[in-house]
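Input: a single structure, listed below in structure tokens.
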Amino acid sequence: MTARRLRRGLAGRPPWLRALVYTAGVLALIGAATLIYSSIVFSRLIDARLHGERERTLPRVYARPVELRVGQSFSVQDLVGRLNDLGYAQRARPETPGEFAIGRTVVVLTPRRDGLAGREVRVSFPLPPPVRRAGAPAPPLPRGIQAIEVVGRGHVDSLQLDSPLLTALMTSGGREKRRSVPLATIPTYMQQAVLAIEDQGFYSHPGINPVRIVAALLTNVFGRNPHVVGYSTITQQLARMFFLADEFNTELQSGARGRTWTSYARKAREALMSLVLERRASKDEILELYLNDIYLGQRGSFAIHGVAEAARLFFGKDVANVSLSEAALIAGVIQNPSRSPFASPERALERRNVVLRAMADEGYISEDAAERAMREPLQVVARAVDNEAPYFVDMVSERMAEAFPGVTAQTGRVDVFTTLDLNLQRAALDAVRAGLASVDQLLSRRRRPQRAQAALIAVDPRTGEILAMVGGRSYNQSQYNRAIAARRQPGSVFKPFVYLAALERGAEEGRIDLTPAALTLDEPASFTFDDQVWEPRNYDAYDGEITWRRALAMSRNLGTIHVGETIGFDRVAALWRRVGVGTPPRAFPSITLGVFELTPLEVAQAYTLFLNGGRVRPLRAIRQIETDEGDLRPTDPPLKTVARPDTTFLVTNMMRSVMDEGTGAGARAAGFTLAAAGKTGTTNDLRDAWFVGFTPELLTVVWVGFDDNQPIGLSGSRAALPVWTAFMKDALAGRPNLPFEVPEGVSFAEIDRDTGRLALPGCPRTYHESFIAGTEPVEYCELHRW
């Protein structure tokens, strides 16, 4: 009927008008069909993507459960940092599991773990120092947990909390940092800050804002701005991020983001997709997806996505604990991520204040609250990426790919529980930063502009678990993991294995002249091999005849080389081949001074034999992987037997003199008092600085040097030992002083330090020396007899 009336109305009209009307009708039909088809296609695409986002769980990497113990070197701020790592929410009074409150000298928390869930735990700290006079230096903050009380159960010595999330592993190959959280855990004022500055009408529009679109269109058509002026709702931004990212990035890279048909077509698809998206998802779901995916700038090599990750990397906080000022700053970065608080702090503050004013204008906060927040200074965490143990996480990712190929590609839950101890990791970071700052000062005095690098790896030698790892000065600046990839000469760090090979031969042949009290000649000498003459030197002095213990304690090169010569350099090489790490060295005299290459991780693995009765324990980083399809555990390779328990203990006991009176005595002077053994390492031309030291429960390796292999000009005692000492003091605070276990077949005798013979009452310097039973000296010291 309508078509008949249309034909009658057009009868007698000019032909061009009839053609125009028919053409318009055909185009309208085509447009309507295209719109319907596009809506159907977009609906399917959106449904598939939303289903994927709802089901998607990125592989997550966790550290071992956080442990609190009485005497632990923690301040209130340290504990608050750990609770933020665990995602605990700060409240005026904790009431539900996963909450905490801060008092003057106490932190009250309600753990999540079974057995303590919902119970109140009070962690007490020393009183803060008194208020200082104007101009007086600030006293150090009090540290150390004084007491842990589980309300209703009494005081306990230690408490285990849940495992902190380190990061999510990206499976697409991109370097991103993100952590998805439910909308309910994002503070209301964080949501309001984003809405106030990005989309005030979010909860009222259908996905697009027609008034703003028309205004932007008129400005683009009639304005003189060469760039397209746009207004995108949150729904449009989400549509662009999820479905049109490739087109948008192509525009940016080609410089075609302006008045081009390509740009207008993309905007039209974006608007249509937004309308469809609003019909397929709720407003809260759209906002949650947006807040978890929005790009918020770069931190080093990582792209930061989502407000939860930004809260972690900007402020070192869980998103539940950001302040109003911090929430506004995060929201302000959305419009221009290049103006992050790291790259442009002044611009970031200006933008934060704009957000706060917008929040006040929208009635989300009062004018007074906005003014107070504007006066707050900017306080960002300078190295938040390093706090997430990125070198360690990279290694875990590589080991997962080798041991469990394809596991990260699973669509369900993949939770990787690692061996990392977050308390020790933070202590390692602090020690490396402080140590490198000191090294920088020493180098600047010598007018050397290079900046040294460092690596630290700490392991539990009893289990082989890697507890802490620092692969360099800053992960933002370099992702090269020196702890596992930098192959350098170990230098004097290798010397204990020379003495172990000698003691092994002595035990094998029943000799009494190959013991820790035996004498070696420490004086200049030359050695010939392969028609070459080698003339090694000591780092400083020569001691003449000296006991093996003393030669190792003072790291005397010539004394050690002569020990190797006595037993045969081939025996030293054979023992190291049994250790099975690094490059197999040749049986030349230079092997005794570690003239071959190892990584810090390989050094750590080799040294585990001193705490495992002569057996090398392989190191591991993954405890277990939990998936929807079942749990996976790495297969632990068997221990590798290298030497006897008794000879291994003799060398360990000799290395205690390194700490007590030798090249590692600086640790004692710095206040490290626990029973420990260790060895400094300094390579040719002072090229690399090492220190390896251990207690019965913790083994730590530190390396300091230059990436270009130029000499650093500092000894292991000067560059590496201070890092080791600072770390071990912090890591073992509150731990008992454990003795080294003495194996069967070891005896002790009082020995004169100078002659290596049995001591007399008149000997001024004696030592309670260890021997394999039956190899003790039988002669008394003649030097001090009178």
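The values are calculated or read from the model by the stated rules, or taken from the named source; none is laboratory data. The structure displayed is predicted, hence computed values, not measured ones. A quick note on method: Cβ atoms are made from the backbone with ideal geometry, for glycine too, and the neighbour counts reach across all protein chains shown. Accessible surface is based on the protein model in full, side chains and every heavy atom, while ligands, DNA and RNA are left aside. Shrake-Rupley method; radii C 1.70, N 1.55, O 1.52, S 1.80 Å.
Of 434, 452, 469, which is farthest towards the positive pole of the stretch 430-473's charge dipole, taken about the Cα centre with +1 and -1 on the beta-carbons of Lys, Arg and Asp, Glu respectively?
Looking along the dipole axis, the top candidate is 452.
Output the Cα-based Rg and Dmax of the stretch 397-518 in Å, rounding Rg to one decimal and Dmax to a whole number.
Rg then Dmax for the stretch 397-518, in Å: 20.9, 65.
P(r) for the stretch 312-414, please, calculated from all Cα pair distances in 10 Å bins and given in %.
Pairs per bin, as whole percents: 14, 33, 23, 17, 11, 2.
Checking the a/c ratio against 1.5 first, then a/b against b/c, what shape does the Cα gyration tensor give for the stretch 614-770? Before the final figure, lay out each step's value.
On the way: a/c = 2.03, a/b = 1.33, b/c = 1.53.
Oblate is the answer for the stretch 614-770, as a/c is 1.5 or above yet b/c matches or exceeds a/b.
Restricting things to Cα coordinates, could you compute the convex hull volume per residue of the stretch 518-577 in Å³?
Enclosed volume per residue, from the Cα hull, is 91 Å³.
Percent of alpha carbon pairs in the stretch 563-670 separated by more than 21 Å?
Details: 2986 of 5778 pairs.
It works out to 52 percent of all Cα pairs.
Enter the accessible area per residue of the stretch 461-519 (Å², integer; probe 1.4 Å; all protein chains in place).
Solvent-accessible surface per residue comes out at 28 Å².
State in Å² the accessible area per residue of the stretch 372-415; use a 1.4 Å probe, count heavy atoms of protein chains only, and round to the nearest integer.
Numbers: 2160 Å² over 44 residues.
Ligands and nucleic acids excluded, the result is 49 Å² per residue.
Treat every Asp and Glu Cβ in the stretch 492-620 as -1 and every Lys and Arg Cβ as +1, leave all other atoms uncharged, and give the resulting dipole magnitude about the Cα centre to the nearest 20 debye.
Approximately 720 debye in magnitude.
With a 1.4 Å probe and all protein chains left in place, how much of the accessible area of the stretch 538-680 comes from carbon and sulfur atoms, in whole percent?
Heavy-atom surface of the stretch 538-680 belonging to carbon and sulfur, 1.4 Å probe: 47 percent.
Summarise the accessible area of the stretch 460-535 (1.4 Å probe, protein heavy atoms) by the percent that is carbon and sulfur.
Percent of accessible area from carbon and sulfur atoms in the stretch 460-535: 43.
With a probe of 1.4 Å, find how much accessible area the stretch 696-767 has per residue, and write the answer as a whole number in Å².
Values: 2950 Å² over 72 residues.
Counting only protein heavy atoms, the per-residue value for the stretch 696-767 is 41 Å².
Set the Förster radius R0 to 22 Å, insert the Cβ-Cβ distance between residue 368 and residue 92 as r into 1/(1 + (r/R0)^6), and round the FRET efficiency to 0.05. Walk me through the numbers before you get to the answer.
Working: r = 20 Å, r/R0 = 0.91.
E(calc), rounded to 0.05, equals 0.65.
For the stretch 335-491, what is the relative contact order in percent, using Cα pairs closer than 8 Å and at least 6 residues apart in sequence?
19 percent
Using a 1.4 Å probe over the heavy atoms of the protein chains, calculate the carbon and sulfur portion of the accessible area of the stretch 298-337 as a whole percent.
Carbon-and-sulfur percentage of accessible area, whole number: 45.
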